[in-house]
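Contents: one structure, followed by commentary.
Coordinate-derived values only; no laboratory data. No experiment lies behind these values; they were computed from the predicted model shown. Every residue, glycine among them, receives a Cβ derived from its backbone with ideal geometry; neighbour counts consider all protein chains shown.
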There are 2 protein chains.
Amino acid sequence: MEKYKQILFERGIKPTFQRIKILEYLDKNHSHPTVDMIYAALYKKVPTLSKTTVYNTLDIFRKYHLVDVLTITESEIRYEYIIQPHHHFYCRQCGKIIDLDVTCVYQEEMCVEGHRIESIHGYFKGICSECLLKAEHANS
Amino acid sequence: MEKYKQILFERGIKPTFQRIKILEYLDKNHSHPTVDMIYAALYKKVPTLSKTTVYNTLDIFRKYHLVDVLTITESEIRYEYIIQPHHHFYCRQCGKIIDLDVTCVYQEEMCVEGHRIESIHGYFKGICSECLLKAEHANS
DNA sequence: CTTGACTTTGTACTTATTTTAAATTATATT
DNA sequence: AATATAATTTAAAATAAGTACAAAGTCAAG
């Protein structure tokens, strides 16, 4: 708790109980959760929590570059605690989103074709290694 | 019209009037339109058109790899006629989505970190060259 | 023609997100 | 400590995007 209180305080975000809890959740769960996932998980411990608060808090966190928004899927918006820039892999079999340790050539550049780059999102889709292995076993 | 009828026929999609019109629109407007944009534009010429038809048609086109879905923005789903793989730039100033002529190192590879790649989407965000120029002029 | 499969249409429904306003909590002032 | 002020949280209502489904329309094959 103290750790997250500190992080919020340093960024100039008033460290309320709800905000601390949401930040803690994001730090401890690198599952790229949706608003609902965060809400459902925290509601158990904080039954007064409102979904609006989750929306508001994530908006604030985003404004202060504490979280990033992933639109890798068409139907969901997912959030992640920013640690360092990386790309993502979405497995259409199991639905998991996996952090990739690849960086783009343009990650260090400021520009592409005259446009000023402020952020880059690389979304890879396909079948993850785990699901590939399972399929292999099934065929032998 | 004949051109699009042909394209649909070749892919095994029954070339109905609505489908031809939607495909024609996508080919002639590389603006990465939303469902609403497509609907609004075509409604003028085809007043009986239903929005459900636009959704259905785009789903079919996607299944047959005629169109690709962009989730570069959080609030909108945008569609584009597939010509060749490329990445996209979103300008937060003017809202335009610009095709980039850059290809990823992994574009030719089949794999990243053991996962099988089926598609790659590279989303760059920032300020486009046009808006940068405008801002420069304003400051001089 | 008539049949049957497919397509289109419009309405109703579901669900995610935003808005709004009241209630609560925290902070500052006297 | 009491009161005023501001910020935050909450719940409910409004909005909007997308989906499901049944009815009507289209069209080619027999």
Under a GNM of chain B (C-alpha, springs under 10 Å), which listed residue has the highest mean-square fluctuation: B:V35, B:V112, B:V46?
B:V112
Could you tell me how many cubic angstrom of Cα convex hull volume the protein assembly as shown has per residue?
197
Would you mind finding the longest exposed-site-free stretch of chain A, with exposed trypsin sites (Lys or Arg not before Pro) meaning DSSP loop and at most 11 other Cβ atoms within 10 Å?
A:46-140
Which residue, chosen from B:Q84, A:S50, A:I7, occupies the Cα position most advanced towards the positive end of the dipole of the protein assembly as shown, where the dipole is computed from +1 (Lys, Arg) and -1 (Asp, Glu) charges on Cβ about the Cα centre?
A:S50
Dipole magnitude of the protein assembly as shown, debye to nearest 20 (Cβ charges: Lys/Arg +1, Asp/Glu -1, about Cα centre):
1260
Using Cβ counts within 10 Å as a stand-in for footprinting exposure, how do A:L58, B:L132 rank, fewest first?
B:L132, A:L58
Considering only region B:12-140, percent of DSSP beta bridges that pair antiparallel, nearest 5:
75
Closest beta-carbon to the A-to-B rotation axis: which chain A residue owns it, and what is the separation in whole Å?
A:T71, 2
Cross-link candidates for B:K125: which lysines have Cα within less than 21 Å, leaving aside residues fewer than 8 places away along the same chain?
A:K63, A:K125, B:K96, B:K134
Check which residues have an amide H placed less than 5 Å from A:V67's amide H, if you skip close sequence neighbours.
A:R62, A:I82
Leaving out same-chain residues fewer than 8 places away, which aspartates and glutamates sit with a Cα under 20 Å from that of A:K5?
A:E24, A:D27, A:D59, A:D68, A:E80
Need the full-extension length gain, A:S140 to A:E10, defined as separation in residues times 0.36 nm minus the C-alpha distance. One decimal, nm.
41.3 nm
Relative exposure of A:S129, B:S140, A:S119, judged by other C-beta atoms within 10 Å (fewest first):
B:S140, A:S119, A:S129
Computed [θ] at 222 nm, deg cm²/dmol, the protein assembly as shown (DSSP H ≥ 4; -39,500 (n - 2.57); rounded to nearest 500)
-11500 deg cm²/dmol
Which residues does the label zone of B:Q93 cover in region B:110-139, counting backbone N under 15 Å from a point 7 Å along Cα→Cβ?
B:125-139
Calculated P(r) tail over 24 Å for chain A, as whole % of Cα pairs
42
How large is the dipole of region A:64-140 about the Cα centre if only Lys and Arg carry +1 and Asp and Glu carry -1, each at its Cβ, rounded to the nearest 20 debye?
300
